[in-house]
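Peer 1: One structure, as structure tokens, below. Some questions next.
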Amino acid sequence: MKQLLKKFCLLAVLGITLETQAQEEFPKGWVMYLEALQGAATNFHAGPDQFVGNLQLSPQLTLIPDHIRVSAIGGTAFYNKKFYGTYGAGLNWRLSTISFDPFGSLLNLQVQLQHLWGTDKQRLVGGGLKAELGQIFLVGISAHRDYQLNEWWLQTGIGFNLLHKKKKDAGDPFEK
């Protein structure tokens, strides 16, 4: 039984493939992610770093199917022991898709570029690496340079697609 379990796990790991060809990972239409991020604001000097927390809503429209989405971003940030508003625009570019044969794609990796403005002189430009799991969840890391206040915002976060549509059942993948 133990050998069978080891072989099954090995086959499952080998079944995960990295595909860079176009797939229905960025389909036409809209997605809207509610993201929660947290991290630190730092200028990399001897002073203490500050906690940064973000809650943002990001509606995204597929501009080039399977490749590029554009987004508007709005939310609130907890920074310097106060709450501020943030708003801006972004661009998501799908790098690749990780598939789990015979079930199809598991997640896609994407680069996210953003420019954000804050309600108290914050001017952030940056981006991050995101993993979109089944077009439902989003996890990632980001780095933004605040060129107005001379700081870096380094954050990790998770998101949920509020416009997720349940896909039609394609049937049993083993019955091919």
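Peer 1: At a 1.4 Å probe radius, which order do Lys130, Lys81 fall into by accessible area, largest first?
Peer 2: Numbers: Lys130 10, Lys81 180 Å².
Ranked list, largest accessible area first: Lys81, Lys130.
Peer 1: Another question about this same structure. How much area per residue is accessible in the range 38-176 when the probe is 1.4 Å and only protein heavy atoms are counted (Å²)?
Peer 2: 56
Peer 1: How much of the accessible area of the range 33-96, probe 1.4 Å, is carbon plus sulfur, in whole percent?
Peer 2: Numbers: 2210 of 3250 Å².
Roughly 68 percent, rounded to a whole number.
Peer 1: Scan around Thr86 for amide H atoms under 5 Å from its own, H built in the peptide plane at 1.01 Å from N, and keep only partners 5 or more places away or cross-chain.
Peer 2: Under 5 Å from the amide H of Thr86: Gly75, Thr76, Ala77.
Peer 1: Whenever you get a sec, line up His45, His164 from highest to lowest accessible area (probe 1.4 Å, protein heavy atoms).
Peer 2: Per-residue accessible area, sorted high to low, gives His45, His164.
Peer 1: Can you bin the range 23-176 into rounded, prolate or oblate? Criterion: square roots of the alpha carbon gyration tensor eigenvalues sorted a ≥ b ≥ c, rounded for a/c under 1.5, prolate for a/b above b/c, oblate for the rest.
Peer 2: Because a/c hits 1.5 or more and a/b exceeds b/c, the range 23-176 counts as prolate.
The values are calculated or read from the model by the stated rules, or taken from the named source; none is laboratory data. In this text the structure is predicted, and so the values were computed from the model without any measurement. Keep in mind that these areas ignore ligands, DNA and RNA; they rest on the heavy atoms of the full protein, side chains included. Shrake-Rupley method; radii C 1.70, N 1.55, O 1.52, S 1.80 Å.
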